[in-house]
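The values are calculated or read from the model by the stated rules, or taken from the named source; none is laboratory data. This is a predicted model, so every value here is computed, not measured. Cβ: placed from backbone, ideal geometry, glycine included. Neighbour counts: every protein chain shown. To get the accessible areas, we keep the full protein, side chains included, count just its heavy atoms, and leave off ligands, DNA and RNA. Shrake-Rupley method; radii C 1.70, N 1.55, O 1.52, S 1.80 Å.
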Amino acid sequence: MYDPVTLDQLRAFVTVIEEGSFSAAARKLKRVQSAISTSMANLELHLGVPVWDRSTKVAKLTPQGQAILGAARRVLAEVDGLRRLTSGMTMGLEASVSLCLDALFPLDAVLDLCRGFTREFPAVDLRIDTQVLSAVSARVLDGTATLGVASPMGIAPGLERHVLAPIRMVPVVSPRHPLAAIGGHVPQESFADAIQIVLSERSGGGVQDQGVLSARTWRVADLHTKHMMLRAGLGWGNLPEHVVREDLRSRRLVIIRPQAWGDDEHKLYLSAIHRSDSTFGPAHRWLLKELGVLCAREAGVAPHPAIAAPSGAKKRPSVHRQNR
């Protein structure tokens with residue numbers, strides 16, 4: 001159905017308000033004033049409500065006009081966003097990016113990643129999923145995620161891997177837990193009756209339990225639940241150092257030293273993973289670089305020197321950033 005209200009009319013309408021008069025809007029839009037006046041009259045006619053209060057020397061917006069102004073600005077913003085999106089697509093910019101992160105990835109880094117992404121690529125949709133262990137690889141293999149971040153035991157064969165930064169896992173308990181009272185190294189026999197909280201796959205199969213010392217285990221499928229159970233004194237277990245940093249400072253949790261483990265035995269290198277047939281545009285390449293930088297920041301180490309587009313990923317044509 002033909003709609004007599006045009007984008008040209010809406011843009012002229014908004015420009016009149018922003019510039020303060022019909023004549024100023026005409027100069028801004030490089031048109032004669034009579035064309036602006038005609039456009040405003042047609043807009044009012046087609047909308048069927050009074051937009052301008054002409055009872056004064058200088059026309060002002062009616063209450064209906066004020067409401068229409070907000071709607072017009074939203075329409076124009078959507079149209080401008082559509083133009084940026086399609087302009088970027090012609091130069092290789094992706095319409096969307098899907099990222100699957102292992103639960104070990106630092107949450108603060110995720111938030112900073114999202115803030116930076118929306119500044120750099122405001123027209124690109126971002127989808128973030130959080131999984132554990134082999135579920136990250138599964139999302140990448142089936143195409144649900146185009147880029148993943150996984151721990152070594154969760155990386156499936158055949159995926160391209162790009163090392164980001166190490167995550168140190170530390171064994172912790174509540175200070176009220178019996179294991180907390182043991183000074184120095186904790187002998188193996190002390191774990192016989194101690195419940196170990198273990199992060200496990202949501203479905204059967206996948207990665208086997210890692211670092212299990214206790215005969216009794218409680219299994220959970222997400223890191224937050226494990227964290228809360230350990231703080232509640234329900235057992236002991238490994239958590240990423242960045243997760244428990246504040247707990248250790250405030251002594252809500254304390255570190256224990258199992259005799260069976262070396263001090264640095266559970267340092268895990270997180271890696272970006274993708275399929276070998278992946279095609280990376282500028283948004284994916286930016287994400288890959290920032291993942292390494294932010295992950296290294298949380299781990300307190302220098303970014304891996306090879307942070308760049310992985311050798312196995314094909315690049316799309318580059319796109320210049322637009323002024324925003």
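Summary of values
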item: Rounded, prolate or oblate (a/c below 1.5 giving rounded, otherwise prolate when a/b exceeds b/c) for the range 96-226 by Cα gyration tensor; result: prolate
item: Pairs of alpha carbons in the range 248-300 whose separation is greater than 18 Å (percent); result: 59 percent
item: Charge tally in the Cβ shell below 14 Å around Leu159, where Lys, Arg are +1 and Asp, Glu are -1, Leu159 excluded; result: -1
item: Inter-label distance, nm, simple model (7 Å from Cα along the C-beta direction), Ser21/Arg231; result: 6.2 nm
item: Contour minus Cα-Cα distance for His46 and Asp193 (0.36 nm per residue); result: 45.0 nm
item: Sequence of His46, His162 when ordered by accessible area, the most exposed leading, probe 1.4 angstrom; result: His46, His162
